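The values are calculated or read from the model by the stated rules, or taken from the named source; none is laboratory data. Everything numeric in this text was worked out from a predicted model, so none of it was measured. Methodologically, a virtual Cβ is constructed for each residue, glycine included, from the backbone with ideal geometry; neighbour enumeration extends over all protein chains shown. Note: accessible area is taken over every heavy atom of the protein model, side chains too, but ligands, DNA and RNA are not part of it. Shrake-Rupley method; radii C 1.70, N 1.55, O 1.52, S 1.80 Å.
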Amino acid sequence: MCGIIGVVALLGKTPYSPGVMVYRGLLRLEYRGYDSAGVASVVGGCVRVLKGKGRIADLERRIGLSSIEGLTVIGHTRWATHGTPSDNNAHPHIDCSGRIAVVHNGIIQNFRELKKMLIDKGHVFRSDTDTEVFPHLVEELYKNTNDLFKAFRKAVEMIDGSYALIMISSIEPDKIFFAKKDSPLIIGLGDGFNILASDIPALLEYTRRIITVRDGWLGYVTPTSIYVEDIRGGVVDWRKYVRVVEWSLEDATRGGYAHFMLKEIHEQPRALKDTYYGILHDIAVDETVKLMLDADKIYVTAAGTSFHASYYFSLLMNTLGKRLVTPFIASEYESYYLTASDRDLLIVVSQSGETMDALKALRAFKDRGVRVVAVSNVVDSAIPRESNIAIYTRAGPEIGVAATKTFTTQSLVLSWLAIAYAEASGSLRKSEADKLREWLGKSGEVVGKVISRSEPVAKRLAEWFRSIGNAYYLSRSIGVPVAMEGALKLKEIAYIHAEAYPAGESKHGPIALVEEEFPVVFTIPNREDLEKLLLGNIQEMKARGAVIIGVASENTSLSDQLDYQFKIPDTHWILTPITHIPPQQLLAYYTAVSKGYDPDKPRNLAKTVTVE
Amino acid sequence: MTLKNLVLAAGKAKPELSVLIPPGKNKVLLRILGKPILYYPLTSIQRVNRGETILVYREGEEEVVETANSISLGTITPIKQVVGTSVREAILVAENKLRDTDYFFLVYGDIIVDPEAFNLLLSTHYREEPDATILIAPYDPEYAETYGLAIINEEGYVEKIISGEQAREADQTYIVGGIYILPTTILDYLEENNTLPEAINKLAMNGKVKTVLWNKLWIDIGYPTDILEATYQLLSELKHSKISNKAEIESTTIIKGPVIIEDNTYIDHYSVIKGPAYIGEKVFIGAHSFIREYSDAEYRVRIGSYNEIKKSNIQPYTLLDSKVTIVDSIIGENCTIGTNTTILNVLPEKEKPPRLRTHLVHPPTKIIRKMGAVIGYNTRIGASTTISPGKIIKQESIIKPKTLI
């Protein structure tokens, strides 16, 4: 999910300098990723590069990305999924001679072989990225061909994987070379300039005449011309593919959904699969389990949605791993850290890895010698960086302020950790652990079904929910953090007061508020013991006229007790936070939409809380 | 990429709805909030794509073309469908006009969708460049079998479209929403005698058919209750009143909530209009009438004194005498409803007529299923008649006074 852009222009033909156009384009692409960025241009017969780690606006202040001179400029914004974000790993990458600069989206699968071959030929690499092989490869091939486009084409033929590549060179300063396979690339046609970008928003400000580059196409653009070949052979008549777009920037980034939040809810099956395969062979998990086994005390901390995933983890550890784990809300760390010592372990969970409350807790515990494991969605952000070990979810960027896919992927990672610990500590047989892991592997598929089935029910219920003022979200045991997350969603985006608490607590106070038509959402894990316990709670609510909405297995024995039911496929209870939350996300989403609110921009909230 | 618009307005109405459609007309000419149904898809598609708009209509229903021309934002190319009733045949009637374009934007003329949906569809198609892009909507599984159901993969691409019994059993509940961007190659599949869903399935097997999930206003006018639903939904979106300067409203009339009152309408003393409501052009409302929420009185409707109307749609030229109660009903064009006529609306619990709007809101634990009557065009209902809930009265009926239906 990186973003690339390139501008090649005649002098005085662009609304801003090409450097500024690239910078503004990068800002438009920031939604695709944002841990490092860079630009390169051809100036005075040389290639100049400005790049570094950090957000684009910060880099602008630090190194002045937009001030880069020249009429042929390329840029890149990066979202690292493996390999740390660093100044060296930021794109663009250049060859040994400094005459070729490349930016790239995708993965060059055979980069290790190519890198070895190039090192053997004397090339010197400056980064750990796969991309850097490309400029060196072109440099090497150019030695033989003395024809830059031939060298570029040959290099494209030699790489395997997915790519949207653009390249500039001081050898032919008024061209941007491009190639595309499986990663998006668009050409924007200007008057006296042309643009390449990985997505339409980056160029909508400058032109609405575009060509979507097809897989297998490669070629180059100059300020006044375009040349396209198909790698399978033949020159492409690009004029046939020009079209005019007439929609807004926002429309162009939501990928067929009315809101980012809905898009991200629907991305959960994919995010879960990516996260599952990401941790499958992650040695950080093994290292973490060793630390957990060695630790005297284990704490887990987080804020907001991440805390709910963390709380689930602690309950799972208590039941499955037979190990007490203390969960606490990050901003409350002062009540916990003084009892910690260098024999203890703290697990910090943060979507952004930049949450100030969690960071402060981490530092306070570290000062006491506590070892720290981070679980984050953003590679090498502050919390992973300051931790001893980092485990990453692979949810991809989350634009919607209300966390959705990051909660389910965090739950998956933390469940995996608890299972691994339980197996390693002997409280769970390997065969049982394997079975649970197998269930986690199926979570993406199950969630796909859950979302599809739940959507019409959520939409219909939202018609009523838009008129309510309060709701209870109840459950027991491992269902409680899920209920807490469901209530949080309703509060965050639909602005309806919702309270979550363990269902057994009702008679100790909260039930006093329940009257006719009071909505109560029950999260019902697929466990017989919990279903039995929840039956009594449902009945006591019903007796007072409450309307019962159950998120429960399709075969639950409680279905006749529920006024409305979100039917979850019959899966293992360990998937509860993953399978039972999407209906609650959808209920909150449709209620917000039904009330006329924008769920992507909830009032008073920010995506990443970086202040206390 | 060239892109034409194809609007299908030649469909035949289901029997329940056909009682509302006078000869020479089509269901797309039934009116909601002062506009024919056709206005909504036709203008929405034209706002996002300025290409040529082809309109398929049925022989003998030339009024569809006249109406389309009067509301169209661009030039209409009408094509007459003489034979066949299927969507496949309707598309193939326009084949010659479509062969010279790369893609065509297909929309059914009886779909009411938020214009933003068209924008989202087109932008997604341009952005991702699949072989086709179709609109899908989450929908109540209870009615799934009456629509095509799209089975989609994680990336939002169509795996297949199913319908009927298969749809009832399916895990997914996204219905095909009647708006498509299709390549001209689909014409070849249609020529091979495939239905439109079958042709899309072939397209999906050989390439990529992207879906756009639409979660806001979407109504397919198939049954009379869909007209009530559309009236309800469109009036729900009304936030402010719009009252014509040319309307004459007496000083003791009370207007509360958002209403639209069109030109040359007269509202007599002591009437209450409680919005959201739509009062069309040249409507007469007599003294002491109570026009309640979600009511729609179309062109030249005359409502006598002491009437009560709620959640109903009254088509043009219809006359309600005094003391008439109309709730959850659709009254066809040019009807006369005699004085003291009452329409009942709460259905017996066990009775389940098809396609009712079920009211979930009050109270949510007990769904009260409400439906008034559907009264066919040119019907005369005698005074003091009582009409039971859910009744469909055929067009041009003459009901004697004091009848219990």
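Numerical summary
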{"quantity": "Nearest-0.05 FRET efficiency for B:Y266 and B:S241, computed from C-beta distance (R0 22 Å)", "calculated": "0.80"}
{"quantity": "Crossing angle, helix A:111-120 versus chain A [Cα axis fit, 0-90 degrees, rounded to tens]", "calculated": "40 degrees"}
{"quantity": "Expected 222 nm ellipticity per residue - DSSP helices of 4 or more, -39500 (n - 2.57), all of chain B, to 500", "calculated": "-5500 deg cm²/dmol"}
{"quantity": "Charge dipole (debye, nearest 20) of segment A:514-554; +1 at Cβ of Lys and Arg, -1 at Cβ of Asp and Glu", "calculated": "60 debye"}
{"quantity": "Per residue, the convex hull volume that the Cα atoms of segment A:370-456 enclose (Å³)", "calculated": "123 Å³"}
{"quantity": "For segment B:225-399, Kirkwood radius (reciprocal of mean inverse C-alpha pair distance, Å)", "calculated": "16.0 Å"}
{"quantity": "Segment A:378-452: chymotrypsin sites (Phe, Trp or Tyr not before Pro) in DSSP coil with no more than 15 other Cβ atoms inside 10 Å", "calculated": "none"}
{"quantity": "Of A:S306, B:C335, B:P36, farthest towards positive along the dipole that unit charges on Lys, Arg, Asp, Glu beta carbons give the protein assembly as shown", "calculated": "B:C335"}
{"quantity": "Beta bridge orientation in the protein assembly as shown: antiparallel %, DSSP, nearest 5", "calculated": "45 percent"}
{"quantity": "Average beta carbon contacts from partner chains per residue of B:148-155, 10 Å cutoff", "calculated": "3"}
{"quantity": "Other protein chain Cβ atoms within 10 Å, averaged over every residue that makes up B:121-131", "calculated": "6"}
{"quantity": "A:T339, B:T124, reordered so the largest accessible area comes first (probe 1.4 Å)", "calculated": "A:T339, B:T124"}
{"quantity": "Dipole-positive endmost among B:A204, B:Y126, B:G382 within chain B (Cβ charges, Cα centre)", "calculated": "B:G382"}
{"quantity": "Sites A:K116 and A:K143, calculated FRET efficiency, Cβ-Cβ separation with R0 22 Å, nearest 0.05", "calculated": "0.75"}
{"quantity": "Value at 222 nm in deg cm²/dmol, rounded to 500, when DSSP H runs of n ≥ 4 in chain A each add -39,500 (n - 2.57)", "calculated": "-11500 deg cm²/dmol"}
{"quantity": "Taking all pairs of distinct alpha-carbon atoms in segment B:3-222, Kirkwood radius in angstrom", "calculated": "17.4 Å"}
{"quantity": "5 Å-binned pair-distance histogram of segment B:102-237 (Cα, whole percent)", "calculated": "2, 11, 20, 23, 21, 14, 7, 2, 0"}
{"quantity": "Relative contact order of segment A:3-245, pairs being alpha-carbon contacts under 8 Å that are 6 or more residues apart, as %", "calculated": "20 percent"}
{"quantity": "In Å, descending, principal axis extents of the Cα set of the protein assembly as shown", "calculated": "102, 73, 55"}
{"quantity": "Förster radius 45 Å - calculated FRET efficiency between A:D598 and A:N388, Cβ distance, rounded to 0.05", "calculated": "0.65"}
{"quantity": "Tilt relative to chain A, helix A:581-594 - C-alpha long axis, 0 to 90 degrees, to 10", "calculated": "80 degrees"}
{"quantity": "Magnitude of the charge dipole, chain B, Cβ model with Lys/Arg +1 and Asp/Glu -1, debye to 20", "calculated": "1460 debye"}
{"quantity": "Segment A:188-326, dipole about Cα centre (Lys/Arg Cβ +1, Asp/Glu Cβ -1), debye to the nearest 20", "calculated": "300 debye"}
{"quantity": "Accessible solvent surface per residue of chain B, calculated while the other protein chains remain in place, 1.4 angstrom probe, Å²", "calculated": "39 Å²"}
{"quantity": "Pair A:A512, A:K322: separation of 7 Å Cα→Cβ label points (nm)", "calculated": "4.2 nm"}
{"quantity": "Tilt relative to chain B, helix B:39-48 - C-alpha long axis, 0 to 90 degrees, to 10", "calculated": "40 degrees"}
